[in-house]
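The structure appears below as structure tokens.
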Amino acid sequence: MTRLLTTSTLALVLALPAVAQTDCAAGKTIEEGVLTIATGNPAYYPWVLNDAPESGEGFEAAVAYALAEEMGFAADQVSWTRTSFDQSIQPGAKDFDVNLQQFSITPERAQVVDFSVPYYTSAMAVLTTGAVVEAGAEPTVASLKGLVWGADANTTAVPMLTDLIAPERQPLLYGDNVDVTAAMQAGQIDAALFDLPTALYLSAVVLNDGVLLGQFPPERSENPDQFGLLMEKGNPLKECVDAALGALKDSGRLAEIEATWLQDATGVPVIE
Amino acid sequence: MAMLQLTGVRKAFGDNVVLDGIDLTVSAGQMVCLIGASGSGKSTLLRCMNLLEPIDDGAILLDGTDISEPGRDPQPVRTRIGMVFQSYNLFPHMTARANVELAPRRVRGQSGAALSDRVAALFARFGLADRMEHYPDQLSGGQQQRVAIIRALAMAPEIMLFDEITSALDPELVGEVLDVLRQLRAEGMTMVLATHEMGFARELADTVCFLDRGRILESGPPARIFETPQEPRTRAFLSRVL
Amino acid sequence: MPTRREIFEARQRRRANLVAAGSTGLVVLAIVVLVPLAPGWEAVQRSFFNGEVFARTFPGLLNAFLMDIAIFAWCAPLIAAAGLLLAIARDLRAPALTPVKLAATAFIDIFRGLPVILVIYLIGFGIPGLGLPRPWNSPYLWGSLALILVYSAYVAEVIRSGIESIHDSQRAAAQSLGLSPRDTMRFVILPQAVRRVVPANMNLFIALQKDVALLSFIGPVEIFRQAGVYKSLLANFTPYVGAALIFLAITIPATRYADHLMSRQKRARS
């Protein structure tokens, strides 16, 4: 029944783009009739291809347009903006309706900002180099303990590193994943923990000789990393976003998008 | 015997000719006083004698050796010629004793009791035995200048140059410094002084030279220079300062 | 029995103190009363001045600060020595040593002209990237070297300004005694110059204490990075406030001491 309703609404929207959004989002966006979505600066593969979210290519870009459509915004009613991580979690008014930037949902963050229901549950993957693998690193916790670890200091990879692996030496932390890979290239760290899509991107595009040694499936960690859309605390749009995401999940559209843009996520061994 | 002999010494700073052909002979044990207005070249002449300033032309002979030869290492010469400055120039971060001992230690390689006894004797000789461990800023101007003299003497120089050494002193302190010079004179030290103390020059100098615009306009025994100056400019200068 | 002037001055002083205390009190009161009235105050308080987060993270921050102190402790003496050598090299007068002098001058110009963070990045990632084996590619090693390079250039310039501030008559006096140029520099000029620039150098070392945090960009988890980790985990900026307090606890007394030295020196010279 719901399905039917949604579909008919969608048909209505498609038929009458000027009428725009469903009732839910009406009057709740920063600019009437426009959904302002924030992403990173720059935004990376595989979340956004070519740093051009307007194309709808890349996992998050595709999710954004599907979500907008579900909420009743046509593609030309979506406006993109860029924010840094710090800007996004600062208290106070936001200049975006929703922020789509691989934000892991944590209760502490949720005290300051609002998160939507998750749109992606990530596995954590171990990024390393061929040289380290040749030197005998294996996808076992015992083997991983002896490596020198690095991570992006702003991610939940930091506590997971301690929980899952508990390395013998203190990890080195960096400001962004470019620096993490620079340190790996310089041989200062052996391995780094990233969410799987990021690790895929880094090993394929950024790192020479990059290898994904293995992954921890979401259920291995106590709190698997779940990505949610970030909104200003108390944003009334949240219920509309959650409803739309629910619909996308129910319809299988979200899984489809994930398969399309994150299909590489297969083929990385699971760490015992 | 001529200990120090200058012939045709010239020195210019850019276009400004400061010494314009100086001929001067200082014999062993003699005291020569340079008088003249400020800027007449007295200080520069002394600095040239000590090779602090290289001369442009002419020659300076010490014991018959040309020490002004361009390219010659000035250091050994300076150890034979002591110099005392108007503003004392003591090293403020060292005690009086350390000021005096530095050069004998580093240049002559002296040390131990031999050096400290000799230095203590010098301090005692000039009435500063109880000021050896003081820092310069704990001493009066007159005491500082006497330490500066002791510092130069500690190198046992053959000749001493004094550059207006009482000019920076309060009037009541001038006497104690002039007394040191009297003492040195009596001991037969060869000395060249640039000075404004006309009474002192008259009393003790063997030769007085009147400098004017980089030349020695007139020189001779003090009695003649002070009583019967030949040059009008000498007369004009003396009438101003006497 | 106080004199008329003493009585007058005591009264003046009392009045001045009253006015100063009154106006300071007013400003503090205004801040304490008005700032919480701002509409965003509660959010700001939760994000920046959260007592619970502070208590939870402060011990970890203190622990991370030990890393800052360690880095500072091994860099500072090396910087002092390198700065002194550079200053001397830059002041060389012997023609045969001109290449050394030119190299020192170029070194000082280059490293004084570059942002510290840039040097840390270039050296901290660049040199190990050439393929050095462990432990010779350590970010601690090369990051410290970057700090040493930059700060020794600063220190060299300060010492050189000290050397130049020593009146030429000191050199003349030393030379007239027959001291070699080398001994003149070592025993007469440098001791005075170095003493004269102690306060300026202290200010440099206070700046160094703060810039140690920049090493976090190439990996080491010192206090700034640790605060950043807490910030990300807890979505709260209070750990930065805690880190700031720890820095201030060191730098304010040090700055005051440098000021004290400076004013004492000024008095001594006047």
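The values are calculated or read from the model by the stated rules, or taken from the named source; none is laboratory data. As the structure is a computational prediction, the values presented were derived from the model and not from experiment. A quick note on method: Cβ atoms are made from the backbone with ideal geometry, for glycine too, and the neighbour counts reach across all protein chains shown. The area values use the complete protein model at the heavy-atom level, side chains included, leaving out ligands, DNA and RNA. Shrake-Rupley method; radii C 1.70, N 1.55, O 1.52, S 1.80 Å.
Here are a few things to note about the model shown:
- Of the residues in the range C:148-184, those shielded by at least 40 Å² of accessible area once partner protein chains are present, compared with the chain alone at a 1.4 Å probe, are C:GLN170, C:ALA172, C:ALA173, C:GLN175, C:SER176, C:LEU177, C:GLY178, C:LEU179.
- Note on C:ALA268 and B:SER38: the model spin-label points, each 7 Å out from Cα along the C-beta direction, lie 3.1 nm apart.
- DSSP beta bridges in the range A:124-220 [antiparallel fraction, %, rounded to 5]: 70 percent
- Dipole of the range A:49-158 [Lys/Arg +1, Asp/Glu -1 at C-beta], most positive-end residue of A:GLY56, A:ALA123, A:SER84: A:ALA123
- Neighbourhood net charge (12 Å Cβ-Cβ; Lys/Arg +1, Asp/Glu -1) for C:ALA106: +2
- The mean number of Cβ atoms from other chains found within 10 Å of a Cβ in peptide C:235-245 is 2, as a whole number.
- Only protein heavy atoms count here; under a 1.4 Å probe, C:GLU164 has an accessible surface of about 120 Å².
- Alpha carbon centroid spacing (whole Å) that separates the range A:81-122 from the range C:22-92: 28 Å
- When both bridge partners sit in the range B:2-239, DSSP labels roughly 55% of those beta bridges antiparallel.
- For A:GLY150, net neighbour charge (Lys/Arg +1, Asp/Glu -1) across residues whose Cβ lies under 10 Å away: -3
- Backbone HN-Hα couplings from phi across the range B:148-155 [Karplus 6.51/-1.76/1.60, Hz, Gly and Pro as x]: 4, 5, 4, 4, 5, 5, 4, 8
- Electrostatic dipole magnitude of chain C [Cβ: Lys, Arg +1; Asp, Glu -1; Cα centre; debye, to 20]: 960 debye
- Amide H within-cut-off set for A:VAL268, under 5 Å, with H built and near neighbours excluded: none
- Ordered by 1.4 Å accessible area with all protein chains kept, A:LYS145, C:LYS231, C:LYS266 run largest first as C:LYS266, A:LYS145, C:LYS231.
- The range C:129-200: radius of gyration and largest Cα-Cα distance (Dmax), Å: 18.5, 55
- For A:GLU256, the solvent-accessible surface computed with a 1.4 Å probe is close to 120 Å², ligands and nucleic acids excluded.
- Hz values of 3J(HN,Hα) by residue in the range B:47-64 - Karplus curve (6.51, -1.76, 1.60), Gly and Pro given as x: 5, 5, 4, 8, 6, 6, 10, x, 8, 7, 7, x, 8, 10, 10, 10, 6, x
- Of all beta bridges that DSSP places with both ends in the protein assembly as shown, some 60 percent have antiparallel geometry.
- Candidate residues A:ASP176, B:ASP179: accessible-area rank, largest first, probe 1.4 Å: B:ASP179, A:ASP176
- Between B:ARG215 and B:ASP20, the built amide H atoms are under 5 Å apart, and every one of these is 5 or more places off in sequence or on another chain.
- Which of B:GLY112, B:VAL208, B:ALA2, positive extreme of dipole for chain B (C-beta unit charges): B:GLY112
- Sequence-distant lysines (8 or more away, or on other chains) whose Cα lies within less than 21 Å of A:LYS238: A:LYS28, A:LYS94, A:LYS249
- With every protein chain in place, chain A: carbon and sulfur % of accessible area (1.4 Å): 53 percent
- Computed accessible area, C:HIS260, all protein chains, 1.4 angstrom probe, square angstrom: 90 Å²
- Here the extension length gained between A:CYS24 and A:GLU108 equals 27.5 nm, from 0.36 nm per residue of separation less the Cα-Cα distance.
- Of the listed residues B:LEU61, C:LEU245, the order by accessible area with a 1.4 Å probe, largest first, is C:LEU245, B:LEU61.
- Accessible area expressed per residue, the range A:124-220, with surrounding protein chains retained (probe 1.4 Å, Å²): 34 Å²
- Computed E for A:ASN50/A:VAL141 - FRET, C-beta separation, R0 30 angstrom, nearest 0.05: 0.20
- If you take all other residues with their beta carbon under 14 Å from the beta carbon of C:LEU149, and give Lys and Arg +1 and Asp and Glu -1, the sum is -2.
- Karplus (6.51, -1.76, 1.60) ³J(HN,Hα), θ = phi - 60°, over the range C:221-228, in Hz, Gly and Pro reported as x: 8, 9, 4, 5, 5, 4, 4, x
- Span from the the range A:240-263 Cα centroid across to the the range B:45-106 one, whole angstrom: 92 Å
- Using a cutoff of 8 angstrom between alpha carbon atoms and counting only pairs six or more residues apart, the relative contact order for chain B works out to 27 percent.
- Lys/Arg +1, Asp/Glu -1 at C-beta; the protein assembly as shown dipole; positive extreme among A:LEU173, B:ALA98, C:ILE246: B:ALA98
- For C:LYS210, the aspartates and glutamates whose Cα comes closer than 19 Å to its Cα, not counting residues fewer than 8 places off in the same chain, are C:ASP68, C:GLU222, C:ASP259.
- For the protein assembly as shown, the dipole from Cβ point charges (+1 on Lys and Arg, -1 on Asp and Glu) about the Cα centre works out to 4340 debye, to the nearest 20.
- For B:ILE159, residues with placed amide H under 5 Å, excluding near neighbours: B:GLY82
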